[in-house]
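A quick write-up on the structure given underneath.
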Amino acid sequence: MAASGRLEGRVAFITGIARGQGRAHAVRLASEGAKIVGIDLAGPIPGVPYDSPTPADLAETVSLVEATGSEILAEIADVRDLDGMTAVVERGVERFGGLDVIVANAGVCIPSTWDQTAPEVFQNHIDTNVTGVWNTVIAGARHLVERGGGSVILISSYAGKKVQPFMVGYTASKHAVVGMTRAFAAELGKHSIRVNSIHPGNVNTPMGSGDMIGALTRAAETNPVLMNMGTPFLPRFSAEADEISSTVLFLASDDASFITAEHISVDGGAQYF
Ligand SMILES: NC(=O)c1ccc[n+]([C@@H]2O[C@H](COP(=O)([O-])OP(=O)(O)OC[C@H]3O[C@@H](n4cnc5c(N)ncnc54)[C@H](O)[C@@H]3O)[C@@H](O)[C@H]2O)c1
């Protein structure tokens, strides 16, 4: 899609940029003129059935963003570490002069049946997908206040509107993101800061790599009636990451200037199946 400079002069802070959707969002916002401040764990993620990201993945994102002609400050950091993330944001603001957009994208997903889920696995979802999202907003929002406005975009899931079977922890964490969206939108509105969530269905990213399909299949065998929940109405199962980026760009831009506290699905209709 041809870029038209819709984010010229703006700065975006994005979590989970090493690969998948976070990388796509960084490249798309940069191609529209935004400077990017981004973080990723870029290392082993304990407990997930899919492949973990690497520093080489993060370096690839940096190259792709720079190829757009924009600039990026990318660092290894953990969304569970508020101080560490705040320090990265401060360095980004120092370098690029402010902050206008926050995209809380980093997340983990560990499928297992309700009775096979270890307490640490449930906690892991809460720590990264809930506290990590709160940390992301807290690390950046006061800079949006200083700018006199901005856009905060929280990445939830189809699981945050309906149910992702065999993922009690993931489903709970993504519903919590809906509550955070509304609560932050209510308080930040007076600063002209909009806060919205995006709810992708299945997306073609490395989250589906390794043993992810195997783990889902084994869980589904315990309760096959749930297997087809979340099937899209459209004739393909997955979105590409860039299709989610289109909605991130829309919400980040002035095209969404009167939209806040909203929850936008990009799931081919899966939430209603
Ligand atoms: N892939 C899907 O089907 C799908 C569907 C709906 C929602 N989502 C959500 O979209 C977001 C992006 O997922 P994706 O598909 O690109 O997955 P992904 O695993 O390819 O990318 C997620 C990125 O987040 C990073 N991350 C994880 N924990 C982190 C932490 N503690 N600190 C910093 N970075 C961390 C990872 O290193 C990784 O690079 C997630 O919030 C996910 O829950 C994904």
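Every read-out reported here was derived from the displayed coordinates using simple, explicitly stated rules and does not represent laboratory data. Since this is a predicted model, take the numbers as computed values, not measurements. Here Cβ is always computed from backbone atoms with ideal geometry, including for glycine, and neighbour counts include all displayed protein chains.
Structure notes:
- Dipole size of region 1-87 about its Cα centre, with +1 on Lys/Arg Cβ and -1 on Asp/Glu Cβ: approximately 320 debye, rounded to the nearest 20.
- Each label was represented as a point 7 Å from its Cα along the Cα-to-Cβ direction; for residue 60 and residue 120 these points are 2.9 nm apart.
- Positive-pole candidate from 70, 55, 44, dipole of region 40-82, charges at beta carbon: 44
- Only DSSP H runs of four or more residues enter the estimate; each adds -39500 (n - 2.57), and after division by the residues of the chain the mean residue ellipticity at 222 nm equals -12000 deg cm²/dmol.
- Within straight-line cross-link reach of residue 35, lysines at Cα separation under 27 Å, skipping those fewer than 8 residues along the same chain: 190
- Span from the region 168-189 Cα centroid across to the region 206-261 one, whole angstrom: 18
- Put a plus charge on the Cβ of each Lys and Arg, a minus charge on the Cβ of each Asp and Glu, and nothing anywhere else: the dipole of the chain about its Cα centre is then about 620 debye.
- The phi torsions of region 152-169, fed into the Karplus equation with coefficients 6.51, -1.76 and 1.60 and a -60° offset, translate into couplings of 10, 10, 9, 8, 9, 5, 3, 5, x, 10, 10, 9, 9, x, 6, 8, 4, x Hz, rounded to whole numbers, with Gly and Pro shown as x.
- Spin-label pair residue 262/residue 3, simplified geometry with 7 Å Cα→Cβ offset, distance in nm: 2.5
- Region 119-152 versus region 69-107: alpha-carbon centroid distance in Å: 12
- Dipole magnitude of region 123-225 about its Cα centre (Cβ charges: Lys, Arg +1; Asp, Glu -1), debye to nearest 20: 380
- Placed amide H near residue 150: partners under 5 Å, 5+ positions off or other chain: 193, 194
- Looking at the chain, the pairs of alpha carbons with a distance over 30 Å make up 23% of the total.
- In the chain, a dipole from Cβ-located charges (positive for Lys and Arg, negative for Asp and Glu) runs towards its positive end, and of 239, 82, 256 it is 256 whose Cα lies farthest in that direction.
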